[in-house]
Amino acid sequence: MRTLRWLRSTAASAVVAAASLGAFGGGEAAAQGKQLTLCWAAWDPANALVELGKDFTKQSGIEMKYEFVPWTSYADRFLNELNSHGKLCDLIIGDSQWIGGAAENKWYVKLNDFFDKEKISMDDFVPATVVGYSQWPKNTPNYWALPAMADAVGWTYRKDWFSRPEIQSAFKAKYGRDLAPPKTYDELKQVAEFFQGREIDGKKVYGAYIFTERGSEGITMGVTNVLYNYGFAYDNPKKPYQMQAIVNSADAAKGLEFYKELYKCCTAPGMTNAYMQEGLDAFKSGQVAMQMNWFAFFPGLYKDPNVGGDKIGFFVNPAGPNGHFTQLGGQGISVVATSDHKDDALAYIKWFAQPAVQQKWWQIGGYSALKAVVDAPDFPKSAAFAPQFLESMGIVKDFWAEPSYAQLLLDMQKRVHDYVVADKGTSQQALDLLVKDWTKVFKEQGKEVASQ
């Protein structure tokens with residue numbers, strides 16, 4: 001995702017430093033005096049976007065400036081900017097959860113007429129990204145963003161460890177099957193248990209890294225990957241906001257129990273409040289056999305001199321007993337309604353939507369959502385993680401995108417963390433309390449909440 005991501009990264013500081021230099025562009029842009037400011041988070045894909053934007057400046061004469069802030073400040077910084085009707089951002093790559101509030105509060109320019117005029121069709125983009133990043137209300141042809149950065153939760157594993165003959169033999173002797181990237185959560189737990197506490201190259205290692213962070217969104221973005229596959233849903237699709245026996249179904253409770261079991265049996269000590277960066281650190285330092293994280297980080301991991309290349313492998317979020325899904329991440333790009341440069345901002349979106357630009361975006365470190373890129377015959381061979389990314393984007397689900405999403409998210413963070421990490425109550429009690437929390441939020445918003 002995502003909103004309120006907590007990322008402490010050296011790459012982030014590099015981007016902030018670059019952004020603080022101001023303009024990126026040539027003499028033609030300076031001569032014309034036109035410029036746009038694009039706001040996003042400070043991370044590796046933002047570096048790629050700066051490089052990509054140089055082509056826009058050459059073609060249009062419009063100078064690009066960037067306001068990139070670390071994920072720790074991303075939501076607070078830009079939601080405050082939007083809510084105060086500020087003029088800092090002409091373009092913003094906003095989180096998927098912001099769409100509902102941005103549309104209803106008129107923070108973004110509605111793009112339907114522009115798309116029609118420029119013959120930009122949302123049918124040309126991966127469906128899940130259109131629903132997740134662009135539409136409000138969901139599943140209606142009302143568009144407030146162009147899919148910009150496709151993302152989902154995937155897994156990395158130590159391919160070099162998995163391939164060692166002595167490890168393979170030990171695993172087969174214990175479980176009666178070959179050691180391989182897990183396809184189900186039961187298999188994932190077996191593999192994690194097998195590696196937990198094992199000594200490899202003279203070092204004690206651990207089975208798996210999973211999200212547990214409480215303050216923003218981390219544990220929710222982790223546990224949903226299991227919950228979806230056990231049958232959890234946010235509400236009844238035939239009765240909006242009917243959550244009883246959906247959010248807190250017996251199957252959903254089993255999924256929450258599984259996540260706690262995985263946390264207790266097979267993770268490194270001290271990972272009680274950990275999210276993206278902690279997972280990257282654990283994997284890069286050789287602590288864990290498997291790591292849950294966002295695909296956005298996989299290009300950097302693949303290039304890592306210690307754990308990348310032939311040492312790293314990738315797999316899709318495993319299936320559960322009642323489904324096969326993964327958590328959607330990523331963002332869309334929008335024109336800020338208070339911008340004084342809307343026409344130029346729309347010109348950027350028109351340029352960014354071009355197939356050639358989207359192809360280069362993928363090649364230099366971004367994640368395109370354009371079908372012409374990801375459905376191309378050679379796409380699966382274009383990166384070591386491309387096949388897993390493509391499969392994942394076909395099975396994604398996302399959190400609420402309601403204007404009240406922030407409270408809904410914090411409610412889930414508390415209930416899930418209290419159960420999984422703090423050992424409070426049962427899984428069923430945690431989800432029952434979550435239904436009460438969410439019911440209160442929706443009723444305060446004037447929503448009609450059906451019981452069953």
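The single condition among (1) under 25 Å from the mean Cα position of the chain (by Cα); (2) aliphatic (A, V, I, L, M); (3) open to solvent by 20 Å² or more (accessible area, probe 1.4 Å) that Val435 does not meet is (3). Any residue in region 325-333 that is open to solvent by 10 Å² or more (accessible area, probe 1.4 Å) and hydrophobic (A, V, I, L, M, F, W, C)? Yes, region 325-333 has at least one match. Taken over region 172-197, residues that are surrounded by 14 or more Cβ atoms within 10 Å (Cβ to Cβ) and over 31 Å from the mean Cα position of the chain (by Cα) amount to 1. The residue that is most open to solvent (accessible area, probe 1.4 Å), among those in region 334-375 that are of a type in the set (Gly, Ala, Ser), assigned to a loop (DSSP other than H, G, I, E, B) and more than 28 Å from Met292 (Cβ to Cβ), is Ala337. Residue-level analysis places Ala103 among those that are in a helix (DSSP H, G or I) and more than 25 Å from Ala376 (Cα to Cα). Pairs meeting the criteria (first residue in region 427-452 and among the polar types (S, T, N, Q), second residue assigned to a loop (DSSP other than H, G, I, E, B) and buried (at least 19 other Cβ atoms within 10 Å of the Cβ), beta carbons under 6 Å, at least 6 apart or on different chains) are Thr439/Val449.
Only a single criterion out of (1) within 19 Å of the chain's Cα centre (by Cα); (2) touching a residue at least 24 places away in the same chain (Cβ under 8 Å) is not satisfied by Pro127, namely (2). Can we say Ala282 is touching a residue at least 12 places away in the same chain (Cβ under 8 Å), within 23 Å of Val416 (Cβ to Cβ), surrounded by fewer than 22 Cβ atoms within 10 Å (Cβ to Cβ) and in contact with a strand residue (DSSP E or B) (Cβ under 7 Å, 6 or more places away or on another chain)? Yes.
Pairing each residue of region 184-197 that is without any contact (Cβ under 8 Å) to a residue 40 or more places away in the chain with any residue that is surrounded by fewer than 19 Cβ atoms within 10 Å (Cβ to Cβ) and polar (S, T, N, Q), provided the two are 6+ apart or on different chains, yields no C-beta distance under 6 Å. Selection over region 376-412 of residues that are without any contact (Cβ under 8 Å) to a residue 24 or more places away in the chain, of a type outside the set (Ser, Thr, Tyr) and outside any helix (DSSP H, G or I) gives a count of 3.
The values are calculated or read from the model by the stated rules, or taken from the named source; none is laboratory data. Worth saying up front: this structure is predicted, and the values here are computed from it rather than measured. Every residue, glycine among them, receives a Cβ derived from its backbone with ideal geometry; neighbour counts consider all protein chains shown. Surface areas here come from the heavy atoms of the whole protein model, side chains and all, with no ligands, DNA or RNA. Shrake-Rupley method; radii C 1.70, N 1.55, O 1.52, S 1.80 Å.
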